[in-house]
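Step one of this worksheet: look at the structure below.
The values are calculated or read from the model by the stated rules, or taken from the named source; none is laboratory data. Note that this is a predicted model, so its numbers are computed, not measured. All Cβ positions, glycine included, derive from the backbone under ideal geometry; neighbour counts span all protein chains shown.
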Amino acid sequence: MEIFPKYKSLEKAKNNWWIEKILPDHSKTFVLIVISFCFGIWLIGYIIALSSDVIEGVEFEYSNPGSDYLHDHEWQYQPFYLAVHFVILRMFGVVYTRNFEGTICLLKAKPEDISQHTRWVFGHVSNIGAFLAAAGFIYYDYSAMLDEGFGALTSLDLLIMLVWGLERIILGYVICLMFGTVFLIWKLLRSYHYSAPADVVLMEKRWRPFTQFAMEASSLVLLFALVDVAYLYYAGFWLADFLAFMVLIFLVTASFLVSTWIIKSDLREEVEEQLMKFYEELEAAKKGVSSLDPKIPKTDTRWLAANMDLILAFLKIDYLEDQFHTMAASDAKLLVLRMLIPILGIIPKLLQEVGFEIF
């Protein structure tokens, strides 16, 4: 059972997200630019710390600016934390694009038909949605920072607000992607039929690309959540960051459940029709067996053929019902396991924050 995903490349997927337009397409260049940018932000913060400026009468928060900045856990962790956000966004783009491309052969649809439906998820609507989704987190960060800064912000506060804002916007893209994908799965399955009968769809698990969005997203959310939990332990508990990864865990779980429900609802009618045919085959096989001469030996080919038809009809019914009712059950268990790992990791820290002493 694979907990963590394997990604061979960070090549850019096709989308019009404004952050991805700024970042390079190729993996090596992408990693280089992201590391340089995140280190550059940290370096700007260090320069500001050394300047020891005062804004609106608020004294600088460090008594020994250079040394204290270097030992500040927030700024020690933040370059890595920001880089993880960029990598997670790129991975989400790759995963979702690849899975949407995989749905083309499953449905009676042309590539351009699928692209027409997916365009807005990877286009300018997501750009707007990302800002809207991030707005609440950004507002909380700003309000909490003002409270801590006694009503005014230093240059270093403004810089960390900028970094947090960028991280919230990246989170906003991920949120839009999860909401958009569930809607698109519903839209595609309403607009197009499967290219194979229901029993083939179930037997060959052709429905899986539609739930694979959530499964691969859950592995990415697990990676991000573990980094987030480490951040909350190392840099200090911040409610917005805790809520951010809890929102992701809730959304990826909800998207899997809703997607599975949509797929099962779409297949239900066809499965019931196919089961009716199988039950008719079963009744015909029963009549065939009952019509045999009781004196015919069990080694006779007529007896064997009639009973084989009966057994085959039973197996068809049992297999189809089992495949339909247990659809995505193993995936659901794996998803729950992935989501429980970071939740269990953050519980001690959460209890400590509310005043409960564990030790």
Of the residues that make up the stretch 288-301, is at least one buried (at least 19 other Cβ atoms within 10 Å of the Cβ) and not in a loop (DSSP other than H, G, I, E, B)?
no
Within the stretch 304-332, count every residue that is of a type in the set (A, V, I, L, M), part of a helix (DSSP H, G or I) and at pLDDT 80 or above.
10
When the stretch 315-342 is examined, which residues are found to be of a type in the set (A, V, I, L, M, F, W, C), under 30 Å from SER290 (Cα atoms) and surrounded by fewer than 14 Cβ atoms within 10 Å (Cβ to Cβ)?
LEU315
Take LEU153 and tell me if it is over 30 Å from LYS108 (Cβ atoms) and modelled with pLDDT of 80 or more.
no
Output for the stretch 123-139, where each listed residue is surrounded by fewer than 16 Cβ atoms within 10 Å (Cβ to Cβ) and either at pLDDT 80 or above or at positive phi (or both):
VAL125, ILE128, LEU132, ALA135, GLY136, TYR139
Quick one: which residue in ALA235, ALA305, ALA214 is in contact (Cβ under 8 Å) with a residue 60 or more places away in the chain, aliphatic (A, V, I, L, M) and more than 28 Å from VAL94 (Cα to Cα)?
ALA235
Residues being outside any helix (DSSP H, G or I) and at pLDDT 80 or above: count how many of those fall in the stretch 21-78.
6
Restricting to the stretch 157-205, name every residue that is assigned to a helix (DSSP H, G or I), in contact with a strand residue (DSSP E or B) (Cβ under 6 Å, 6 or more places away or on another chain) and aromatic (Phe, Trp, Tyr).
none
Scope the stretch 227-266; condition closer than 16 Å to CYS176 by Cα and of a type in the set (Val, Ile, Thr); matching residues:
VAL247, ILE249, VAL252, THR253, VAL258
Kindly check whether there is at least one residue in the stretch 217-229 that is farther than 30 Å from GLU74 by Cβ, among the aliphatic types (A, V, I, L, M) and either modelled with pLDDT under 85 or assigned to a helix (DSSP H, G or I) (or both).
no
Which of the following residues is among the hydrophobic types (A, V, I, L, M, F, W, C) and within 29 Å of the chain's Cα centre (by Cα): PHE278, PHE314, PHE324?
PHE324
